[in-house]
Amino acid sequence: MNYVLKRKAYYLLISFLIVFISLRLTGQDQKIADSLKRIDQQTMLGDTARLELLLNLSFNEVNDLNLSLKYANELIQLSKQLGNDLYLFKGYFQQGNKQRLLGNLEKALDAYMKGGEVARKIKSDLNEGNTCVAIADIYSVSGNHKNAMLYYYKAIASLRKAKDSVALASALLNTGDEFLKNNIYDSAFIFFKE
């Protein structure tokens, strides 16, 4: 039983690392978060700069996930106030990431679902596709193969439209891995081959 949980945690970790790479985000760095905190405390920023600061604080805060989640929540609230849907999406995506890292998979799923709605609203195939991968990964690690496959297929369709080969490759790899974990080797081979 413990082996199964470790295996699921391993697959979830690998899946989300791939999503981060596909989003082309720079690596998390606590030093950056510490520097940004000083800027936040010492400076009055304009709206867009404040949104970007909160996004970077949430992304780079690695020592205190609850603090990182607090920044993501602030980003969501400010984005709503300003009517900035792009940063609203980014806030939900960060909220989902942090909830996932805290082990709150249902809360992570809820945040990703909300982010996916915003991505569709702003007509961003790339963001919608990456969100679908994150949702599928949650279902996968939870052992819900049917829903995982539903969202992996949605992700692949969106990412093909977005024409982002790195993100598409990540989605194809994760889909193949889901088939492999469920002993459906012929399908896994097809997705790994593509």
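The values are calculated or read from the model by the stated rules, or taken from the named source; none is laboratory data. Remember, predicted model here, so these are calculated numbers, not experimental data. Here the Cβ positions follow ideal geometry from the backbone for every residue, glycine too, while neighbour counts run over all protein chains shown. In case anyone asks, the SASA skips ligands and DNA or RNA and just uses the protein heavy atoms, side chains included. Shrake-Rupley method; radii C 1.70, N 1.55, O 1.52, S 1.80 Å.
The figures follow:
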{"item": "The range 50-194 - percent of accessible surface contributed by carbon and sulfur, probe 1.4 Å", "result": "53 percent"}
{"item": "Sorted peptide list for 140-150, 77-87, criterion being average Cβ within 10 angstrom, highest first", "result": "140-150, 77-87"}
{"item": "For the range 62-189, fraction of C-alpha pairs farther apart than 20 Å, in %", "result": "45 percent"}
{"item": "Pairs from 80/107; 70/154; 107/193 whose Cα-Cα separation, in the structure shown, is over 28 Å", "result": "70/154; 107/193"}
{"item": "³J(HN,Hα) computed for each position of the range 149-159 - Karplus, 6.51 cos²θ - 1.76 cosθ + 1.60, integer Hz, glycine/proline x", "result": "5, 4, 6, 5, 5, 4, 4, 4, 4, 5, 6"}
{"item": "The range 90-156: relative contact order in percent, alpha carbon pairs under 8 Å with at least 6 residues between", "result": "25 percent"}
